[in-house]
Structure formats: structure tokens, C-alpha cells
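The values are calculated or read from the model by the stated rules, or taken from the named source; none is laboratory data. For clarity, every value in this text was computed on a predicted model and none was experimentally measured. Because the Cβ atoms are built from the backbone with ideal geometry, glycine has one as well, and the counts that use them run over all protein chains shown. Quick note on the areas: whole protein, heavy atoms, side chains included, nothing else; ligands and nucleic acids left out. Shrake-Rupley method; radii C 1.70, N 1.55, O 1.52, S 1.80 Å.
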Amino acid sequence: MRRLYAAYNALFFENGKLKPDAQLVLADLNDAAGMGEMSSALSDQELRDLFGRRKIVLHLINRLDRDGTKRDQLTQAIRESGHE
């Protein structure tokens with residue numbers, strides 16, 4: 001499992017900092033998953049689809065932030081990219 005976490009981090013981080021391209025990818029995924037948006041007007045199928053997308057984004061973030069030390073950095077990177 002350590003190798004898997006290391007692989008995720010090698011793709012997204014360099015010298016402990018989020019890579020610029022990784023920042024854009026995370027922001028795009030955040031937008032695609034509708035993170036932080038209200039979803040009460042959606043149909044059951046739309047809610048299931050949205051839930052699935054959010055679950056994948058959260059899975060990725062958890063793989064990048066196994067110990068909880070990078071969450072602020074990831075959140076800030078998404079904000080700075082102009083996406084939220």
C-alpha cells in the first residue's frame with residue numbers, strides 16, 4: 001500500500017509541493033464533481049451520478065493526503081486555480 005500512496009504523490013507533488021499541472025487537474029475534477037455545490041434540485045439519478053463523481057475525487061484526495069497534512073495545501077491550490 002505504501003507504494004500506491006507513493007505513486008499518487010509522485011504524480012501530483014514535487015519536493016513536497018503540488019505540481020502546477022496537478023493543481024489544474026484537481027481543480028477540474030473538483031468542478032466536475034460539483035464539490036461544494038448544493039444539489040437538492042437534482043433527480044435521483046443525477047444525485048447518484050454526482051455522488052459517484054464526488055466519491056472518486058475524495059478517494060484521490062485521500063490517496064494524496066494519507067496523514068491529513070496536505071489537505072490545506074490541496075484546498076488552497078484549488079482556490080488559487082480560479083476553480084472552486
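Points worth noting:
- Residue pairs meeting the criteria (Cβ under 8 Å; at least 6 apart or on separate chains; first within 27 Å of residue 48 (Cβ to Cβ), in the range 17-33; second of a type in the set (S, T, N, Q)): 26/81; 27/81
- Filtered residues of the range 1-56 (kept if among the β-branched types (Val, Ile, Thr) and loosely packed, with under 14 Cβ neighbours inside 10 Å): 56
- Pairs where the first residue, in the range 59-83, is within 21 Å of residue 5 (Cα to Cα) and the second is surrounded by 15 or more Cβ atoms within 10 Å (Cβ to Cβ) and of a type in the set (D, E, K, R), C-beta under 8 Å, 6+ apart: 64/70; 71/65; 74/65
- The number of residues in the range 57-83 being open to solvent by 40 Å² or more (accessible area, probe 1.4 Å) and within 11 Å of the chain's Cα centre (by Cα) comes to 6.
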